[in-house]
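The structure under discussion appears below in the form of structure tokens.
Here, each number is a calculation from the coordinates, and none is a lab measurement. Owing to the predicted nature of the structure, the values given are computational and were not obtained by experimental measurement. Virtual Cβ from ideal backbone geometry, glycine too; neighbours counted across all protein chains shown.
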Amino acid sequence: MNTRSKQGQTSFESDPLVSILMPFRNTEKYLKDCLDSILKQDYTNWELLAVNDHSSDKSESIVKQYAHRDNRIKLLQNDGKGIIPALRTAYAKSSGAYISRMDSDDIMVPEKIATLIAGLIQEGPGHLAVGQVKYFSERGISNGYARYEKWINDLTLSGDNFGEIYKECVIPSPCWMVLREDLDASGAFRPNRYPEDYDLTFRFYERGLKCLPCKEVLHFWRDYDTRTSRTSEHYAQNYFLDIKLHYFLKLDYCNKRPLVLWGAGNKGKTLAKGLKQRGIPFTWLCDNPKKIGKSIYDIPLAHYQNMAEMKRPQSIISVANELAQEDIRRYLSTLEFNKPGDNFFFC
């Protein structure tokens, strides 16, 4: 027996249902392209839970028109305000055994849902399907976004996303799929912690999910000046650093080993303040002769060569310069402080 949508597309009961969660707010300019890309999916047994997060433009009207045309699209109103309550609203109304995300200003390739679910069906619970992404913009993509795109796609190609989880968010928020049971076991959308995509990524990591390698670009990620990640305070750098430190101390920190913080720039200072507030002892290292021997937040800065006297230290590296990072890697290697669990690059 098969079911048929209002558009005449056919899906079979043997194909499991995929629930796509999509909050939206004031994206009328991009919504039609987004929704059209979902309707063009090769895999047809999906439902779209589109949650209106208090839009003041024509976004709701656009989604309503599409929902009238295709009964797989469900228009919902956010029970609260913001993306986390919107995701909770969508998830509470979803029925699929497989859960995915979508951003209302982006575009799926036709093979996206089919590719993500195929890997999960083959590998089963305990896995996270991830696709490669490509940024696009009317004005072109900055070097920063181009570097991030290459970095995250290289990780996705090998499935080693969690290997660099403390640098940046290693799972693209609108291009993953997971079994409902694994999402529930990871805490789903319950925590009120922003950035919500990075927090969920850490909880996938905590749960021990394995990322499935993918070599295909499955998602086009739109960049523009008013996108939420550029305008909301919840995506400011201090939020990212707070999440990194929170999960490092919870998941990877060993209080029986000395902790070292590298770097006294803005990120290093924020991390030092966070460690001090939490009562975590650490040694603060740098190579700047103007700072060595001085104190910041009543914490003295020492020369990095002092590390040679330590026994099995753990390092948080907040130095952003890539050449300096390589120098630090080489130095740690000469001390044989380069085993798993030794070093965590926070940028």
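Assorted remarks:
- Projecting label points 7 angstrom from Cα along Cα→Cβ for N143 and H246 puts them 3.3 nm apart.
- Tensor-based shape of the range 74-155 (alpha-carbon gyration tensor, a/c under 1.5 rounded, otherwise prolate or oblate): oblate
- Modelled FRET efficiency - R0 45 Å, A92 with E326, Cβ distances, 0.05 increments: 0.45
- 0 to 90° range, to nearest 10: angle between helix 59-69 axis and the chain longest Cα axis: 50 degrees
- Least to most buried among M22, M310 (fewest other Cβ within 10 Å first): M310, M22
- Potential lengthening of the chain between I121 and K40 amounts to 27.0 nm, from the contour at 0.36 nm per residue minus the alpha-carbon distance.
- Helix 196-207 vs. the chain, principal-axis angle (Cα, 0 to 90°, nearest 10): 80 degrees
- Selection among L241, Y135, S158 by position relative to the dipole of the chain gives L241 as farthest towards the positive end (Cβ unit charges, Cα centre).
- Cα-Cα pairs of the range 2-235 separated by more than 31 Å (percent): 15 percent
- Degrees between helix 83-93 axis and first principal axis of the chain (Cα, 0 to 90, nearest 10): 40 degrees
- Ascending count of other beta-carbon atoms within 10 Å, so fewest first, for T89, T201: T89, T201
- Summarising the amide proton neighbourhood of W46: residues at separation of 5 or more, or on other chains, whose placed amide H is nearer than 5 Å comprise V18.
- Listed residues C211, T334, I113: farthest to the positive end of the dipole of the chain (Cβ charges): T334
- Å³ per residue enclosed by the Cα convex hull of the range 254-345: 94 Å³
- Rounded to 5, the percent of DSSP beta bridges in the range 254-345 classed as antiparallel: 15 percent
- Potential extension, K29-R207 segment - 0.36 nm per residue separation minus Cα distance: 60.3 nm
- Given 15 as the ceiling on other Cβ atoms within 10 Å, longest exposed-site-free region of the chain for chymotrypsin sites (Phe, Trp or Tyr not before Pro) in DSSP loops: 1-223
- Its DSSP H runs of at least 4 residues, each contributing -39,500 (n - 2.57), put the calculated 222 nm mean residue ellipticity of the chain at -10500 deg cm²/dmol, to the nearest 500.
- Residue order, fewest to most beta carbons within 10 Å, for M307, M108, M177: M307, M108, M177
- Relative contact order for the chain, counting Cα pairs under 8 Å that sit 6 or more residues apart, in percent: 14 percent
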